[in-house]
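The values are calculated or read from the model by the stated rules, or taken from the named source; none is laboratory data. Not measured: the values here are computed from a predicted model. Please note: Cβ atoms are built from the backbone with ideal geometry, for glycine as well, and neighbour counts cover all protein chains shown. Just the protein is used for accessible areas: all its heavy atoms, side chains included, with ligands, DNA and RNA removed. Shrake-Rupley method; radii C 1.70, N 1.55, O 1.52, S 1.80 Å.
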Amino acid sequence: MSLRILGLDPSMSNLGIAWATYDVATGKLTVNAVETVSPVISQSKQVRQNSKDLDRARQLYKALSEAVKPADLICVEVPHGSQSSRAMASYGMCIGLLASIRKPVIEVTAREVKVVTGNLQATKEQMIAWALEVHPDLPLSQWQGKINVSKAEHQADAVAAIHAAMQTDLFKTLTLLKGNQA
């Protein structure tokens, strides 16, 4: 018996997504695919910022709605408050998008995501290196034959969100229940 898991690393500019399968009997996690969704926003100065933000939210909602469909469980790094008004707009958008999910969700913090790497100060590059060490066949985004750090960092964080969620009591209970259904 297996669980189809979706890992998410949301932000207003990039939505990191990881699709994985967890074998309840063996405890093996297989990451099947990753993606980073980056909304395409008009650069016209004639378009108001709030209109651009609404368009951005619609694009992210559409991608998130499709990504969630096959999943049994969602593991997400939930953003936290911020110091600037622009970052707070991103926070509000992400919380609204996450609230639209109508499937079981395990929320993890940025700290819990870093804990799985063993480095609470892990950089983007270190998060990517960790993800590739744990999942050597991980198909991270490439550009000109090299890892595209600006996209891959969000994918690595989505994978790490799954690993962080796997450490929670809620995940352990869900997999126990799923195993008992077999």
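A few points about this structure:
- Per residue, the chain reaches -14500 deg cm²/dmol at 222 nm when only DSSP H runs of four or more residues are counted, each adding -39500 (n - 2.57).
- Amide H to amide H, with H built 1.01 Å from N, residue 11 comes under 5 Å of 16, counting only residues 5 or more places away or on other chains.
- Using the alpha-carbon positions of the chain, Rg (one decimal) and Dmax (whole number) come out as 16.6, 58 Å.
- Per residue value of the accessible surface for the stretch 42-182 (all protein chains in place, 1.4 Å probe), Å²: 59
- Environment charge of residue 90, counting only residues whose C-beta is closer than 13 Å and scoring Lys/Arg +1, Asp/Glu -1: +1
- The residue among 29, 60, 139 whose Cα reaches farthest toward the positive pole of the charge dipole of the chain, with charges on the beta-carbon of Lys, Arg, Asp and Glu, is 60.
- Each residue, residue 170 and residue 45, gets one label point 7 Å from its Cα in the Cβ direction; the gap between the two is 4.6 nm.
- Straight-distance crosslink candidates among aspartates and glutamates, where the alpha carbon sits under 18 Å from residue 146 and sequence neighbours closer than 8 are dropped: 35, 125, 133, 137
- Amide H contacts of residue 32 (H built 1.01 Å from N, under 5 Å, at least 5 apart or other chain): 19, 20, 21
- For the residue pairs 62/172; 45/114; 114/151, the alpha carbons lie more than 27 Å apart in 62/172; 45/114.
- Long-range amide H partners of residue 2 with built H, under 5 Å: 24
- Helix 169-181 and the longest principal axis of the Cα set of the chain meet at an angle near 50°.
- Test item: Cα-centred dipole of the chain, Lys/Arg +1 and Asp/Glu -1 on Cβ, debye: 580
- Degrees, to the nearest 10: 124-134 long Cα axis against longest axis of the chain: 30
- Dipole moment magnitude, nearest 20 debye, the stretch 80-182 about Cα centre, only Lys, Arg, Asp, Glu C-beta charged: 260
- The fraction of accessible area contributed by carbon and sulfur in the stretch 35-182 is 53 percent, rounded to a whole number (1.4 Å probe; ligands and nucleic acids excluded).
- Estimated vicinal HN-Hα couplings, Hz - the stretch 44-60 in sequence order (Karplus 6.51, -1.76, 1.60; Gly, Pro = x): 5, 6, 7, 9, 5, 4, 5, 5, 5, 5, 5, 5, 4, 4, 5, 5, 5
- Applying 0.36 nm per residue to the separation of residue 66 and residue 38 and subtracting their alpha-carbon distance, the gain on full extension is 8.6 nm.
- Backbone geometry of the stretch 89-98 corresponds, through the Karplus equation with coefficients 6.51, -1.76 and 1.60 at θ = phi - 60°, to 3J(HN,Hα) couplings of 4, 4, 4, x, 5, 5, 4, x, 5, 5 Hz, x marking Gly and Pro.
- Counted residue by residue at 0.36 nm each, then reduced by the alpha carbon distance between them, the extension gain from residue 123 to residue 55 reaches 21.5 nm.
- ³J(HN,Hα), Karplus 6.51/-1.76/1.60, whole Hz, each residue of the stretch 163-168, x for Gly, Pro: 4, 5, 5, 5, 7, 7
- Judged by the mean number of other Cβ atoms found within 10 Å, the most tightly packed of the peptides 10-20, 56-66, 96-106, 82-92 leads the ranking 10-20, 56-66, 96-106, 82-92.
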